[in-house]
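The values are calculated or read from the model by the stated rules, or taken from the named source; none is laboratory data. Keep in mind that this is a model prediction, so the values were computed, not measured. Positions of Cβ are backbone-derived with ideal geometry, glycine not excepted, and every protein chain shown enters the neighbour counts.
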Amino acid sequence: MITASSSSPTAVWHQAGEAVTLEISGDWRCDGPAVKIEGTSPEHFSAHYQLDNLATYDSTLPAFLLAHFRTVKATDQEKPERPPLDGLPDNLRGLLELALAVPEESSAKPTNDSSSLLGRLGSRTLAVWGSIQALLDFTGQTVLSLIRLCTGRARFRASDFWMTLQQCGVEALPIVALISFLIGLILAFVGNVQLTNFGANLFVADLVGIAMVREMGVVMTAIIMSGRTGAAFAAHIGSMKANEEIDALRTFGFNPFDFLVLPRMLALVLMMPLLTVYANIIGIFGGMVVGSLVGITPELYWNETLKAVDMTNASLGVIKSVFFGVAIAASGCMMGMAAGNSSAAVGAATTRAVVAAITAVVVIDSAFAAIFTVLKI
Amino acid sequence: MAAKITIRELTMAYGDLVVMHDLNFEIQEQDIFVIMGGSGCGKSTLLRHLIGLQEPAKGSILYGDEDFTATDPDERGAFMKRFGVMYQSGALWSSLTLGENISMPLEEAGKISAATVRDLVAYKLSLVGLSGYEDYYPSQISGGMKKRAGIARALALDPDILFLDEPGAGLDPLSSRRLDDLILGLRDSQGSTVVIVTHELASIFGIASTALFLDTATKTQGAIGNPNELRDHSDNPAVRLFLNRGDTPAPLQ
């Protein structure tokens, strides 16, 4: 509320020969009107203050004066040590003395090398090289860990493994079922509309069956697991890192890689094929529901599916699921292990893990599509 | 006889950024050795070097006569089992109970019967005044209790050398004092060597037998000696300022 007595804050520089007087008046409050500045700011520290008309002030006034001192100091050729504070009220002078007690540290501001286009390009390129190195390092560590597992020297808690198995297996069943059922349903609806034009709507069963077992079942499962389990791995390992828990493992002689990455990777690689088979069956069931709505009896639908989906087709998705499992677990664990030491870094690591996992899934799937085309399967 | 730990020409750096250079000091058997200095001067970094979590840019760290910096990963693992480390935040494994936090290293160490492990866990927890807390998770206990539980876990394998990173930070004066008494008691009864990173003056004067001051301005060690003597007679004004909380240090005689 602006009362009758409150006036807008004003700073006026009066130039009288060499001497400069700074006149400050009005109410200096951060919720008040904007500061009016008149006259030109001097290049040297002004030695005189006129504060008779100053009503009230909060931190805006010392902040204004400090900013003024900083600009003067930056432009003044003589580089004076400290501005004159005589003539200011005691409490204002005290605050400014406190603020000026430690000189501004120019090296404390983070340096920004990437202002130029070439600079940015260079640092991006170096960052790409760094992440390639990190990926190679992670791959190497995983192989070493697997060798230790095979020779019986890898050590991790069995309960950790069973817990992860449950989290990325049984606990994922409901969401995988829901998504697969709906995907089967959608495929059948779309297929039915087109195939009815040719009077061949029985082939909806072929379409749903082959699409589910070759692509949709495994890809949808992989994407669900990227968001669900990949993110969980990254967040768990990342927060352990932020909390120095991984350092604590190392000082007790546990290899954090064997201890954290190995059980997660094993669990996901074991569960992905099973989840994929489950997703395929549910998806085909979804198609069957649509089929019975458009006049294909479940028995007919089932027989048509069995004709279309042979062992080769059914195994392709399952084979891919193993690779997807490795990619998702690796993304999650790698981003978690590379996380910084703060809670914000854990969030960033989780995001990176999900993005990396989904990208890897799609890239691997494309590679398989190319290979299967060449092999004509 | 060689000192328990000898640091020679140690330079610590993150990439090109040198944190501290040319550190030279010895830690004697049964010392309570305090590493002190202002915030961000590299105290914790030095501790991480001593326990092998970070590689020195230059120089070496010797335990007895053995060069720790030159060990290969397998030897280093064996070496590290002689250390007990309490981290700044406690760093208890959050998915395990306090009891499991202590029993996991024990079970790893060798074939110890379940009953013995249970007794050992109860004993270590009672040493730090936490008997009966076996089944609590780290998130269920207070900050001071976490620190004490962290010490209990550090003691799990009866270490030769105990490293403590800011044990008193964030604790009320009484808890901090109890922690100091605990550290003294452990040194006296178990004969361990204790290395503490701290900037709590009360603890430094209370328990340290030797103190090393890391000077931010010169980026190397400022002084080493008994803290009570350093406070009044160090020839480094930064050390006297630090130990006198910035009050005008007594003039040198």
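For the stretch B:183-196, what are the residues that are buried (at least 19 other Cβ atoms within 10 Å of the Cβ) and modelled with pLDDT under 85? Spell out how you get there, then give the answer.
Looking only at the stretch B:183-196, we keep the residues that are buried (at least 19 other Cβ atoms within 10 Å of the Cβ), and these are B:183, B:186, B:192-196.
If the condition is that a residue be buried (at least 19 other Cβ atoms within 10 Å of the Cβ) and modelled with pLDDT under 85, then B:L186 is the only one that fits.
Answer with yes or no whether B:E134 is part of a helix (DSSP H, G or I), of a type in the set (D, E) and surrounded by fewer than 19 Cβ atoms within 10 Å (Cβ to Cβ). Outline the logic, then answer.
On the way: part of a helix (DSSP H, G or I): no; of a type in the set (D, E): yes; surrounded by fewer than 19 Cβ atoms within 10 Å (Cβ to Cβ): yes.
Spelling it out, it is not the case that B:E134 is part of a helix (DSSP H, G or I), of a type in the set (D, E) and surrounded by fewer than 19 Cβ atoms within 10 Å (Cβ to Cβ).
In the stretch B:138-168, what residues are surrounded by fewer than 16 Cβ atoms within 10 Å (Cβ to Cβ) and either more than 13 Å from every other protein chain (Cβ to nearest Cβ) or touching a strand residue (DSSP E or B) at 6+ places or on another chain (Cβ under 9 Å) (or both)? If you could, list the steps in order and put the result at the bottom.
Narrowing the stretch B:138-168 to residues surrounded by fewer than 16 Cβ atoms within 10 Å (Cβ to Cβ): B:139-140, B:142-143, B:158.
Of everything in the stretch B:138-168, those that are surrounded by fewer than 16 Cβ atoms within 10 Å (Cβ to Cβ) and either more than 13 Å from every other protein chain (Cβ to nearest Cβ) or touching a strand residue (DSSP E or B) at 6+ places or on another chain (Cβ under 9 Å) (or both) turn out to be B:Q140, B:S142, B:G143, B:D158.
Quick one: in the stretch B:91-107, which of the residues that are closer than 16 Å to B:D119 by Cβ and small (G, A, S) is surrounded by the fewest Cβ atoms within 10 Å (Cβ to Cβ)?
Only one residue tops the list, namely B:G99.
Go through the stretch B:77-122 and give me each residue that's acidic (D, E) and either away from chain A (no Cβ under 14 Å) or touching a Pro at 6+ places or on another chain (Cβ under 7 Å) (or both). Before you say what the answer is, go through the steps one by one.
Here is the first cut: in the stretch B:77-122, the ones acidic (D, E) are B:100, B:107-108, B:119.
Matches in the stretch B:77-122: B:D119 only.
Can you confirm whether the stretch B:179-198 contains a residue that is free of Cβ contacts under 8 Å to residues at least 40 places away in the same chain and either basic (K, R) or assigned to a loop (DSSP other than H, G, I, E, B) (or both)? Spell out how you get there, then give the answer.
Initially, the stretch B:179-198 is screened for residues free of Cβ contacts under 8 Å to residues at least 40 places away in the same chain, giving B:179-181, B:185, B:188-190.
From what's left, either basic (K, R) or assigned to a loop (DSSP other than H, G, I, E, B) (or both): none.
Within the stretch B:179-198, not a single residue is free of Cβ contacts under 8 Å to residues at least 40 places away in the same chain and either basic (K, R) or assigned to a loop (DSSP other than H, G, I, E, B) (or both).
Scan the stretch A:343-377 residue by residue and report those that are small (G, A, S) and in contact with a helix residue (DSSP H, G or I) (Cβ under 6 Å, 6 or more places away or on another chain). Before you say what the answer is, go through the steps one by one.
Step one: of the stretch A:343-377, the residues small (G, A, S) are A:343-345, A:347-349, A:353, A:356-357, A:360, A:366-367, A:369-370.
Of everything in the stretch A:343-377, those that are small (G, A, S) and in contact with a helix residue (DSSP H, G or I) (Cβ under 6 Å, 6 or more places away or on another chain) turn out to be A:A349, A:A353, A:A356, A:A357, A:A360.
From the list B:I61, B:I112, B:I102, which residue is of a type outside the set (S, T, Y) and part of a helix (DSSP H, G or I)?
Details: B:I61 fails: part of a helix (DSSP H, G or I); B:I112 fails: part of a helix (DSSP H, G or I).
Selected residue: B:I102, the only one of B:I61, B:I112, B:I102 that is of a type outside the set (S, T, Y) and part of a helix (DSSP H, G or I).
Go through A:A248, A:A267, A:A235 for me and flag whichever is under 30 Å from B:S89 (Cα atoms), within 25 Å of the chain's Cα centre (by Cα) and hydrophobic (A, V, I, L, M, F, W, C).
None of the other options fit; the residue is A:A235.
All but one of (1) of a type in the set (A, V, I, L, M); (2) within 14 Å of chain B (Cβ to nearest Cβ); (3) in contact with a helix residue (DSSP H, G or I) (Cβ under 7 Å, 6 or more places away or on another chain) hold for A:A158; which doesn't?
Among (1) of a type in the set (A, V, I, L, M); (2) within 14 Å of chain B (Cβ to nearest Cβ); (3) in contact with a helix residue (DSSP H, G or I) (Cβ under 7 Å, 6 or more places away or on another chain), A:A158 violates only (3).
Counting only residues that are within 14 Å of chain A (Cβ to nearest Cβ), closer than 25 Å to B:L241 by Cα and without any contact (Cβ under 8 Å) to a residue 60 or more places away in the chain, how many does the stretch B:11-57 have?
So the count comes out to 1.
Exactly one condition in (1) more than 14 Å from chain A (Cβ to nearest Cβ); (2) of a type outside the set (S, T, Y); (3) surrounded by fewer than 18 Cβ atoms within 10 Å (Cβ to Cβ) is false for B:P73; which is it?
Here B:P73 meets the rest and fails (1).
Do the conditions hold for A:F259, that is, is it aromatic (F, W, Y) and within 14 Å of another protein chain (Cβ to nearest Cβ)? So that I can check it myself, show each step before the final result.
Working: aromatic (F, W, Y): yes; within 14 Å of another protein chain (Cβ to nearest Cβ): yes.
Yes, satisfied.
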